[in-house]
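Asks: If you scroll down you'll find the structure; I have some questions about it.
The values are calculated or read from the model by the stated rules, or taken from the named source; none is laboratory data. Here the structure is a predicted model, which is why all the values come from computation and not from measurement. Cβ atoms come from the backbone with ideal geometry, glycine included; neighbour counts cover every protein chain shown.
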Amino acid sequence: MDDVNFFDKMDLKEVSKRTLLNVRDLEYLKNEEFDKLSKTKGLGFIKILEREYKVDLSDKKEKFLSYLKEHGKDKTKEFFIPPPKPPTKTFSKFILLILFLLIGAGVLYILYLNMGQDTSLGQATSDENRVVKEAQDISGIKVDETNTTQESVEEESIEKDLQPSSDLMEENASSEDTQEQESNTAINSDINSSKDETKKVSLQLEKESSNDKNSSTSFKNILTIVPKSKIWIGIIELKNHKKRSYLKDTNITIDIDDSYLIATGHGKLKLFYKGEILDFGSKSPMRFLVKDGSITQIDKKEFTKLNKGKYW
């Protein structure tokens, strides 16, 4: 559409509403009354009309420039503030957005009903994600559950080691009351590790009575870690700094004839050692040193020093 057809076919009042240009100025431009338009206004109006209506007004522009040159107005410098763009209608877009959101919510609700998943499964997944994050915080590396080590044979032997009292009751009924009292006393002991991380907790045990020598044999030099929930546990052999890690909620046993560094994603766990039980309930990561048949809680600084300057 050229400039002639444009001005003949378009209603100047409608053009004014869309472009916010004055109807009078549009009439000046249409009738080529260039003397009533400044250089900046005339060129600015033409540019706005071309942009809004995708129309070629080059002929009108050439005529206007020729007029300016002929009358010596082509070199004048003026400032032109274009009219603000007319507000766009966003109401329909807003309605469409609301409809899409409602449809999406309906689809998700239907899928949720069809899946019929138990809420406990979602809770377990959330707990697992939390454990993985805690493991990443302490180790500084990404934890991959597929790389964790666990063997069914080992777990069976762990469960067997953790049930000495029932076997002992069958073999020696006379010591039943003594063992039950010692077990209850050990379980009720609480180690508050969150108050001072640098405080060392010695797990050296009192000498067992001669009547319990047979029952303590299965616990000799064996440390069993019993997590209360899914936990990341990293173990480093100090003799060769070989590492292994676990992400599980079942028991882990360690032969403490050797020296180890142990790191945990959180402190909600129990330690079984020579029939003694230590119960921890901290949400923070914990670190232990296993050396010379004893287990000692250590802080992050000492752990890093023993691990050749590495957090894990």
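Asks: How do the pairs read when you match residues in region 27-41 that are under 19 Å from Ser58 (Cβ atoms) with residues anywhere that are of a type in the set (Lys, Arg) and assigned to a helix (DSSP H, G or I), using Cβ under 6 Å and keeping only pairs 6 or more apart or on different chains?
Replies: Tyr28/Lys36
Asks: Another one. Counting only residues that are surrounded by fewer than 18 Cβ atoms within 10 Å (Cβ to Cβ) and among the polar types (S, T, N, Q), which one in region 254-293 is farthest from Lys308 (Cα to Cα)?
Replies: Ser282
Asks: Something else now. Among the residues of region 48-99 satisfying the criterion of being under 51 Å from the mean Cα position of the chain (by Cα) and at pLDDT 90 or above, which is farthest from Asp11 (Cα to Cα)?
Replies: By that ranking, first place goes to Ile98.
Asks: Another one. Could you tell me how many of the residues in region 280-304 are farther than 20 Å from Ser259 by Cβ and either part of a loop (DSSP other than H, G, I, E, B) or over 30 Å from the mean Cα position of the chain (by Cα) (or both)?
Replies: 3
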